[in-house]
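Below is one structure; the comments refer to it alone.
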Amino acid sequence: MANSWRRERWDSLRLLTPNWQSRLPGLRYEGPDPDGYMTVGEVIEFIEHFAKVSGAPVRTGVNVTSVRQADDGYHVATSDGEIASRTVVIASGACNQPSVPALSGAVPASVEQLTTFGYRHPGQLPDGGVLVVGASATGVQLAAELRRSGRPVTLSVGEHVRLPRTYRGRDVLWWMDASGVWDQRYDEVEDLTRARRLPSPQLVGTPERMTLDLNALASMGVELVGRWAAVRDGRALFSGGLRNVFSLADLKMERLLGTFDEWAGAEGHDGEVGPPERFTATRVPESARLHLDLGSGEIAAIVWATGFRPDYRWLDVPVVDAKGQLNHEGGVVGSPGLYALGLPVLRRRKSTFICGIEDDAREVVDHLARYLAARR
Ligand SMILES: Cc1cc2nc3c(=O)[nH]c(=O)nc-3n(C[C@H](O)[C@H](O)[C@H](O)COP(=O)(O)OP(=O)(O)OC[C@H]3O[C@@H](n4cnc5c(N)ncnc54)[C@H](O)[C@@H]3O)c2cc1C
């Protein structure tokens, strides 16, 4: 139970969603710190508690090795026997494996490489500089932690989503929730494919509610370089054009904050929150390096924070596309009686967050119940 939180997270991780937002059907956070952010241990307890109060028949430590179509539904093979089922809900998660670009294969053997599944704490890395690749939630958090441990840190930055931790005195995720941005439905999103691929926001949950954007990292002494494009003769080559990448992220953040302001004005919330704020543009380094000699000893380790992907190798039903993504329409998979939950923008923008599951599950289970009723 809570397997991914037990085995696939680093030691210092806290949720980036505030405690009050950790809600599951019939279970709300009721502790003393609604605005705080849970540690991994607290998330595990929360999920264990949910298993108890929901009364669901949970079987832990069981691996599904195959799901295939059978005459009357699906045949499920597990490490603990076989199951025949008329319907199956795939809730195996969107982040089963780290997604690492192929150029990692050209990195000299003298440089240690880790993914976020293997990373636990800075002490585990060899002494020396660290190159963190990817500047979304995971990358910015690990770059900050590694820099604080005293190491020289270089952060390779591609497309990213910049957000302040708090806006007009409230958590930025309060705004996402209250303004309805997170409730936007998948069939109303303009470019759904793109929305589903959007990187996680640059956010960290700390007791101080700090904003961890690229300006904060640069002030800590983290060196920013562009997106890692290639390895040639043992040198990492980074894209130029950081200015464009930064201004796009700044622009999108401004637009989102503008949406919040409009909502607050229209719905009469201006009196309950602080005045509108605008943030300093992301500072472009004077001369960002375009290459780095990986054989020089400057970089002792690389941490890949380049995202995650699902793993459907156990699914023997032809519903996975060439890119390894499940074909589905709002969680209704293209094989009768097969459903999915917990994937990016499955039915709403909040679908992959803990607080997103309840609304999605209600609708998907509703479809499932109608499917079963129609067959009776
Ligand atoms: C680093 C990181 C930080 C995150 N931070 C937040 C946050 O702050 N707030 C938030 O709301 N969300 C956060 N998320 C998203 C978070 O993962 C989801 O909100 C939540 O964990 C999704 O739950 P899930 O059950 O859908 O998927 P998962 O938690 O991925 O669980 C899926 C489960 O299915 C199991 N499984 C997979 N394949 C099989 C198989 N073949 N047989 C048996 N079991 C299988 C996995 O082992 C796993 O236990 C974060 C994700 C990551 C990766």
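Values quoted throughout were computed directly from the atomic coordinates according to the rules given, and no laboratory measurement underlies them. Everything numeric in this text was worked out from a predicted model, so none of it was measured. Cβ: placed from backbone, ideal geometry, glycine included. Neighbour counts: every protein chain shown.
Every residue in the range 29-40 that is surrounded by 12 or more Cβ atoms within 10 Å (Cβ to Cβ) and over 18 Å from the mean Cα position of the chain (by Cα), please.
Of everything in the range 29-40, those that are surrounded by 12 or more Cβ atoms within 10 Å (Cβ to Cβ) and over 18 Å from the mean Cα position of the chain (by Cα) turn out to be Tyr29, Gly31, Asp33, Pro34, Asp35, Gly36.
Take the conditions touching a residue at least 12 places away in the same chain (Cβ under 8 Å), surrounded by 17 or more Cβ atoms within 10 Å (Cβ to Cβ) and within 16 Å of the ligand (Cβ to nearest atom) and apply them to Trp314. Does it pass?
Criteria not met by Trp314.
What strands (runs of 3 or more DSSP E) completely inside the range 1-113 contain at least 1 residues that are touching an Asp or Glu at 6+ places or on another chain (Cβ under 8 Å)? Give the steps one after another, and end with the answer.
Working: elements: 64-70, 73-78, 81-85, 88-90.
So the answer is 64-70, 73-78, 81-85.
Within the range 218-239, track down each residue that is loosely packed, with under 14 Cβ neighbours inside 10 Å and under 22 Å from Pro152 (Cβ atoms).
Ser219, Met220, Gly221, listed by residue number.
For residues that are free of Cβ contacts under 8 Å to residues at least 24 places away in the same chain and either under 20 Å from Ser92 (Cα atoms) or among the polar types (S, T, N, Q) (or both), scanning just the range 8-48, find the one that is nearest to the ligand (Cβ to nearest atom).
That would be Asn19.
Take the residues in the range 319-376 that are among the polar types (S, T, N, Q) and closer than 25 Å to Phe50 by Cβ; name whichever of them is nearest to the ligand (Cβ to nearest atom).
Thr352
Restricting attention to the range 279-302, which residues are in contact with a helix residue (DSSP H, G or I) (Cβ under 7 Å, 6 or more places away or on another chain) and without any contact (Cβ under 8 Å) to a residue 40 or more places away in the chain?
Across the range 279-302, the qualifying residue is only Ala281.
Considering Gly105, Gly118, which residue is within 16 Å of the ligand (Cβ to nearest atom) and either in contact (Cβ under 8 Å) with a residue 60 or more places away in the chain or not charged (D, E, K, R) (or both)? Let's see the steps before the verdict.
Working: Gly105 fails: within 16 Å of the ligand (Cβ to nearest atom).
Answer to the check: Gly118.
Out of all the residues in the range 121-156, which are away from the ligand (no atom under 16 Å from the Cβ) and of a type in the set (Asp, Glu)?
Asp127, the sole residue that qualifies.
Here is a list of conditions, (1) touching a residue at least 24 places away in the same chain (Cβ under 8 Å); (2) over 29 Å from Gly331 (Cβ atoms), and Thr138 meets all of them except one; can you say which number that is?
(2)
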